[in-house]
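None of the figures in this text is laboratory data; all of them are computed from the coordinates on show. What you see is a predicted model; the values in this text were computed from it and never measured. Quick reminder, even Gly has a Cβ in these numbers, built from the backbone with ideal geometry, and neighbours come from all protein chains shown.
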Amino acid sequence: MKIFKIIMLSMIAIGITASLAFAGVGMMEGNVEKGKALFNDPKAFGGSVSCSSCHPDGKGLEKSGMMGKTEWTNPAGKFKSLEEAINACITMANKGKAIDVKSEEMKDMVAYIKSLGMGMKHDMPMKKKEMGY
């Protein structure tokens, strides 16, 4: 009977862990690979240069997709959403046409930009403790 309880509790724990893992994967809307392709395509939005012309391999955008961020700044100004900041870059730097903030293209671009910071430590570095009395 004790073994049965251990097996059941183990199965429940595995189920909860798997559910949380799949929930984390599904939180990001959009397709990262499609977003990356758009990011690297100079003709994607009717423009003349790609996003990667200014941000090779997404450099400088690693913190742009952080959770809890409430303001984005780029040379065109300050924006209240990542989508607005993306459209400003598309229209100003790329000389292209803004895309609908609810479109699949925008979801893909946002997914790619958010992926750039994944694995980054977003917390402040801890101070080194000094040994002493």
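Note on segment 31-116: Cα convex hull, mean projected area over all directions, 4.7 nm². Here the label points at Lys69 and Lys34, each 7 Å from Cα along the C-beta direction, are separated by 2.2 nm in the simple model.
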